[in-house]
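Read the figures in this text as sums done on the coordinates, not as results from a lab. Not measured: the values here are computed from a predicted model. Here the Cβ positions follow ideal geometry from the backbone for every residue, glycine too, while neighbour counts run over all protein chains shown.
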Amino acid sequence: MNIISKLLSFSLIILSCSTIASTTNYGKIIGIETRSWGMHIQTDFGFTMEGCSAIVGGAYMYDFVYNNDKNSPSASAEISIILAAFAANKDIAFHVYDCNSSRPKVGYILLK
């Protein structure tokens, strides 16, 4: 019984430390602003999370932050998908894990 309670406690700690992603609706990218750290992506679809929503001039703002970890793949695939969706006017959605200065931070990208 002692081993079971330890495993249960460990599982609860892991679950409490993990982040649950939310997925946005699909929609269009209507603008992109580049920054040294990544991009602001302006869309026609919103996202709701407490304290994490930015609307500027009727456009919903998301942040895509470049991954500077040398052990991870580069952001070139994600950037290519974002630019292709924008240029082709294709529907796109994002997984959002947290906020970056009160704007939703893009995790994974879904392209329709």
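For this structure, a couple of remarks:
- Using θ = phi - 60° and Karplus 6.51 cos²θ - 1.76 cosθ + 1.60, couplings along the range 99-111 (whole Hz; Gly, Pro as x): 10, 10, 6, 6, 9, x, 9, 5, x, 7, 10, 10, 10
- Projected label points at Ala75 and Ser101, each 7 Å from Cα along the beta carbon direction, are separated by 1.3 nanometres.
- Residues whose placed amide H lies under 5 Å from that of Val106, excluding near-sequence neighbours: Asp63, Phe64, Val65
- Linear extension gain, Val56 paired with Asp44, 0.36 nm per residue minus alpha-carbon span: 3.2 nm
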